[in-house]
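Report on the following structure.
The values are calculated or read from the model by the stated rules, or taken from the named source; none is laboratory data. Predicted, not measured: the structure shown is a model, and the values here were computed from it. In this analysis, Cβ positions are derived from the backbone assuming ideal geometry, glycine residues included, and neighbour counts consider all displayed protein chains. SASA here: full protein model, heavy atoms, side chains in, ligands and nucleic acids out. Shrake-Rupley method; radii C 1.70, N 1.55, O 1.52, S 1.80 Å.
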Amino acid sequence: MKGPSSEFDRLLEESFKKRQSIEPGSRHEAKVTAVKNDYVFIRTSENKILGNISTEEWREEVLPKVGDSLVVYFLKENSGDFYFTTCLSGDNLTEEHMEMASQYEIPVLGQMLVEANGGWDVKLGSHSAFVPFSQLDSSLKGTNIAGKRIKFVISEIGKKQNKIVLSQKKIADKERETKKQLLRDELKAGMFVSCTVKSIHKFGLIVDMDGFDALVPQSEATYKKNADLTTEFRVGETLRAKILTLDWVTNKISLSVKDFLSDPWSGKLPFKESDIVSGTLESIKPFGLFVRLGDDFTGLVPNKESGVPSRTPLNTVFNPGQKLEVFVMEINPEKRQIALSISKASEAKDRMEYQEYMSKEEAPGAVSSFGLALQKSLEKKNKK
């Protein structure tokens, strides 16, 4: 049987091995095992070392929960207790700890003070520090960050200790790379995500998708052709979107929000074949005219249905924005195509005018000279 002294020796040897396996400043993955008033208790994933972190580090944030994963940095061991940090702040920003933070890029929490020449002055515990504009992430530039508490890494500590240069960009880049690795495992094309509109352009929407920029092309932002997206979306608006493509090498991500919009083709169309409808000339092409019908539909008038002689350029007769009356020849819901005719609309109108005029003739069979002329015109068109 082992005596008390041998048990003490075993524990002492285990403690010594743990101290040997972990160096001050070393970075570790850890799981939260318990959360108390003063400390968050963790266990490192690799060495299975039990440690604690002061709850002061989450003074302005929500405390982690049991089972949460953390990135931690080892500070010191005292009487068998292992002290870690996720981000040095307040009283922990001692000269010794800041030297360690500078060497191992341990995050430090500083408060933005005032904009200075070429950057910002920062309060770092009881010390003064400086972050150049070039070391601020683009997401912070141009925003009101005075008074905000932000995480940095220490880039340089001067000999006199009063020259401390910080970088927030390194922190942002590391967090983005960590998040990128997680998203690479989680996200696939076809999945649905939430995103926030950052800017609106003719070519589409630039949105923020969990910290990454993504593009919603104009064709995937609306069912309307050549729509003005500034009238349909606003900066800061939250959208649900489907992932179309993911390229983590070039960081190019494309999304579609059309699954969450009402498809005008899915319901009853506001017109049918053989109707005469009013439209607006949208564009002139070598093969015909594109005519917008209301807000949601566009149809094509082929050259031969334009009513213009074959060798006459369409742009000498028509102008974009011009109001036109067109005859709906064919609707193809599967291809989302509508075939239109200006000449048939004109013929149909002439026929209706002729029939209306003839119905007003007092004597049956009596046809006026106007009626005869119109009838001959229609017969001539039908023979073509």
So if R0 is 41 Å, what FRET efficiency would GLN111 and LYS76 give, r being the distance between their Cβ atoms, rounded to the nearest 0.05?
-> 0.95
Which entry in (i) 64; (ii) 52; (iii) 45 matches percent of Cα pairs over 30 Å apart derived from the coordinates of this structure?
-> (i)
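With a 1.4 Å probe and all protein chains left in place, how much accessible area per residue does the chain have, in Å²?
61
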For ARG149 and THR250, FRET efficiency with R0 = 41 Å and r from the beta-carbon atoms, rounded to 0.05?
-> 0.75
Which aspartates and glutamates does LYS170 reach when only Cα atoms under 17 Å apart count, and residues fewer than 8 places away in its own chain are ignored?
-> GLU105, ASP137, GLU156
Label ARG184 and THR230 with points 7 Å out from Cα along Cα→Cβ: what is the distance between them in nm?
-> 3.9
Counting GluC sites (Glu not before Pro) as exposed when in a DSSP loop with at most 15 other beta carbons within 10 Å, what is the longest stretch of the chain free of them?
-> 62-231
Could you state the number of Å between the C-alpha centres of the stretch 287-325 and the stretch 143-191?
-> 56
Between the modelled labels at THR280 and GLU99 (7 Å from Cα along Cα→Cβ) the distance in nm is 7.2
Per 5 Å bin, what is the whole-percent P(r) computed from every C-alpha pair distance within the stretch 207-346?
-> 2, 9, 17, 17, 14, 12, 10, 9, 6, 4, 1, 0
Using a 1.4 Å probe on the protein chains only, how many percent of the accessible area of the chain belongs to carbon and sulfur?
-> 50
For the stretch 160-286, compute Rh as the Kirkwood radius over C-alpha pairs and then the Stokes-Einstein diffusion coefficient at 10 °C and 1.306 mPa s; write the answer in µm²/s, rounded to an integer.
-> 90
ASP259 paired with PHE133, simple spin-label distance in nm, labels 7 Å along Cα-to-beta-carbon | 4.2
